[in-house]
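A.B. asks: Structure provided below as structure tokens; questions to follow.
Nothing in this text is a laboratory measurement; each read-out follows from the coordinates by a stated rule. What you see is a predicted model; the values in this text were computed from it and never measured. Methodologically, a virtual Cβ is constructed for each residue, glycine included, from the backbone with ideal geometry; neighbour enumeration extends over all protein chains shown.
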2 protein chains.
Amino acid sequence: MKSHLLAYSHFTEEEIAKVLYHFEEKKFKKRDLVIEAGHVDSYQYFITQGCVRGYIVDYNGKEHNIAFGFEEFWFGDMESFTNNTKAHYNYQALEDLTVLAISKSNWDKISNEVPAFIEYSRNLFRNAMIFQQNRIAKHLMQTAEQRYEQLIYENPKVLQRISLKNIASYLGVTPEFISILRKKAAQK
Amino acid sequence: MKSHLLAYSHFTEEEIAKVLYHFEEKKFKKRDLVIEAGHVDSYQYFITQGCVRGYIVDYNGKEHNIAFGFEEFWFGDMESFTNNTKAHYNYQALEDLTVLAISKSNWDKISNEVPAFIEYSRNLFRNAMIFQQNRIAKHLMQTAEQRYEQLIYENPKVLQRISLKNIASYLGVTPEFISILRKKAAQK
DNA sequence: CAATACTCTTGAAGTAGTTCAAGAAATCAC
DNA sequence: GTGATTTCTTGAACTACTTCAAGAGTATTG
């Protein structure tokens, strides 16, 4: 399971064992909060089963989804993890969820023991950064309709596993408007 | 100059020298393109003087700014740099510009010679990722007016050094609308 | 220092997406 | 399996932001 992931960088068998040793399996029920904004959460989570949404709550109490995660994805509140500050984002299980969790201290321990792990995590962060930058570019370039169509085209499992309401929030529009888009698309 | 930057991670004097050795100073005139979309650009650039904008061109030929960079900032097309593919983004000097450029091969060389550099770059990428994620969150939560006010409040040098047109493009609105916002703010 | 080219502003008309309210359909809890 | 909650749809009125066009102000160039 994890070794599949570790194809990202070059590890020896021994190193993989060292890395895996520091992970801890955790389970959550659908709707449970894995990370709660306002609390320190110094873990990173690797999803083995289920899916999550990351969201932030604005001053009006409205929720805005910033990310979805499925099997083989990492998630975590990076600022809280890195600086030991309060998390800005919530992460909630959208299905029953199994994760491999790793604490900051174990993460640092691995980084010291296994140099390839630093490189691995550097690649993770870099890819995350590229993803986020592309997401911003799409937001600037595309209408909500184009963003919706591209999302379900590129990532069909989002449509199957994520509610319209959550997709709308991720795209930055209202659920009502997605409904209008669906009707429009169906008429073609 | 660079040693100021290298306060980010822990380096010995010798390591700093090794790192600096692989950089190359380059100068650009105002309006020059440092990176051109569609071409491979396997460099990262550290700004010592001047500022740049990163932008992408959509199917209608419209430009959308995804980033600004000032002194002591890194920029580069991360995908092109990492995978040796064609750049998606353009980077243009908005003032006469001096950068320290480092090629992918030198970057990798340093990574092998100086372990602290891997950690340094991991921190860079992580911070960039956090920044981009927060930017997305702001886009989802705030109106254009709120984004404009927060930008000039948090980053006054943007207002001083970047044209309204480029600020508008960064915020994802038209220059005309920013003009309306300014008028509105002045009336208060 | 004149010519040209950008930058910023203003206004009027248009549109993408929102809000609110209410009903139908699906899912969840006991 | 029935009642309660949540999800999705529909419609009508609204608003944040755009588009187009034109003019004034400010840089840039030869």
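A.B. asks: Taking a threshold of 28 Å on the Cα-Cα distance, which of the pairs A:LYS18/A:LYS138; A:LYS2/A:LYS62; A:LYS184/B:LYS62; A:LYS138/A:LYS183; B:LYS138/B:LYS165; A:LYS30/A:LYS165 fall above it?
C.D. replies: The pairs that break the limit, which is 28 Å between Cα atoms, are A:LYS18/A:LYS138; A:LYS2/A:LYS62.
A.B. asks: Placing +1 at every Lys and Arg Cβ and -1 at every Asp and Glu Cβ, with all other atoms neutral, what dipole size does the protein assembly as shown have around its Cα centre, in debye to the nearest 20?
C.D. replies: Here the size comes out at about 1640 debye.
A.B. asks: Along the Cα→Cβ direction, 7 angstrom out, place labels at B:LYS30 and A:ILE152. What is the inter-label distance in nm?
C.D. replies: About 4.9 nm, to one decimal.
A.B. asks: Here's something else I'd like to know. By count of other Cβ within 10 Å, fewest leading, how are B:GLU36, A:GLU13 ordered?
C.D. replies: Lowest to highest Cβ neighbour count: A:GLU13, B:GLU36.
A.B. asks: Can you tell me the dipole magnitude for the range B:1-75 around its Cα centre, using point charges on the Cβ only (Lys, Arg +1; Asp, Glu -1), in Debye to the nearest 20?
C.D. replies: 340 debye
A.B. asks: Considering every residue in B:116-124, what mean count of other chain Cβ atoms within 10 Å of its Cβ is obtained?
C.D. replies: Mean partner shielding for this stretch: 4.
A.B. asks: Karplus couplings for the range A:34-50 from phi (6.51 cos²θ - 1.76 cosθ + 1.60, θ = phi - 60°), rounded to Hz, Gly and Pro as x?
C.D. replies: Working through the residues one at a time gives 7, 10, 10, 4, x, 10, 6, 9, 9, 10, 10, 10, 10, 7, 9, 7, x Hz.
A.B. asks: Right, next: Near the amide H of A:PHE73, under 5 Å away, which other amide H atoms are found, from residues 5 or more places off or on another chain, if H is placed in the peptide plane?
C.D. replies: A:ILE47
A.B. asks: Another question, if that's okay. Starting from the 7 Å offset along Cα-to-Cβ, what nm value, one decimal, do you get for the label separation of B:ASP58 and A:GLU113?
C.D. replies: 5.0 nm
A.B. asks: List the residues, sorted by chain then number, that are 5 or more residues from A:PHE68 or on another chain and whose placed amide H is less than 5 Å from its amide H.
C.D. replies: Sorted by chain and number, the residues that satisfy this are A:GLY54.
A.B. asks: Counting other beta carbons within 10 Å of each residue's own, what order do B:GLU15, B:GLU149 fall into, fewest first?
C.D. replies: B:GLU149, B:GLU15
A.B. asks: Okay, moving on. Which one of B:PHE73, B:PHE11, B:PHE131 has the biggest mean-square fluctuation once chain B is modelled by GNM with Cα springs under 10 Å?
C.D. replies: B:PHE131
A.B. asks: Shifting gears a bit: Using only the Cα atoms of chain B, construct the convex hull and provide its projected area averaged over every direction, in square nanometres to one decimal.
C.D. replies: 11.6 nm²
A.B. asks: In terms of the Cα gyration tensor, with a ≥ b ≥ c the square roots of its eigenvalues, is the range B:88-149 rounded because a/c is under 1.5, prolate because a/b exceeds b/c, or oblate?
C.D. replies: oblate
A.B. asks: With a 10 Å cut-off between alpha carbons and a GNM built on chain A, which of A:TYR43, A:TYR170, A:TYR21 moves the most?
C.D. replies: A:TYR21
A.B. asks: Give the average, rounded to an integer, of partner chain Cβ atoms located within 10 angstrom of each Cβ in A:39-49. Mind dumping the intermediate values first?
C.D. replies: Details: counts 0, 0, 0, 0, 0, 0, 0, 0, 0, 0, 0.
If you average over the peptide's residues, the count of other-chain Cβ atoms is 0.
A.B. asks: What does the structure give for B:137-144 when I average, per residue, the other chain Cβ atoms found within 10 Å of the residue Cβ? Don't jump to the answer; show the numbers that get you there.
C.D. replies: Values: counts 10, 3, 7, 14, 10, 3, 0, 0.
Average neighbour count from other chains, rounded to a whole number: 6.
A.B. asks: Summarise the long-distance tail of P(r) for the range B:2-113 by giving the % of C-alpha pairs beyond 20 Å.
C.D. replies: 43 percent
A.B. asks: Right, here's the next one. Output the relative contact order of the range B:2-113, whole-number percent, from Cα pairs under 8 angstrom with separation of 6+ residues.
C.D. replies: The normalised contact order for the range B:2-113 reaches 38 percent.
A.B. asks: Now for a different question. Among A:PHE68, A:PHE28, A:PHE125, determine the one that fluctuates most according to a GNM of chain A built with springs between C-alpha atoms less than 10 Å apart.
C.D. replies: Among A:PHE68, A:PHE28, A:PHE125, the largest GNM mean-square fluctuation belongs to A:PHE125.
A.B. asks: Next question. Between helix B:175-187 and chain B, what is the angle of the helix's C-alpha long axis to the longest principal axis, kept within 0 to 90° and rounded to the nearest 10?
C.D. replies: With rounding to tens, the tilt is 70 degrees.
A.B. asks: What distance in nm separates the simple spin-label points at A:ASN134 and A:SER3, each placed 7 Å from Cα in the Cβ direction?
C.D. replies: Placing both labels 7 Å beyond Cα along the Cβ direction yields 3.0 nm.
A.B. asks: While we're here: Report, to the nearest 10°, how far helix B:115-141 tilts away from the longest principal axis of the Cα atoms in chain B, using its own Cα long axis and a range of 0 to 90°.
C.D. replies: 10 degrees
A.B. asks: Cα atoms only: what Rg and Dmax, in Å, come out for the protein assembly as shown?
C.D. replies: 21.7, 68
A.B. asks: To the nearest 10 degrees, how steeply does helix A:104-113 sit against the main Cα axis of chain A, on a 0 to 90 scale?
C.D. replies: 50 degrees
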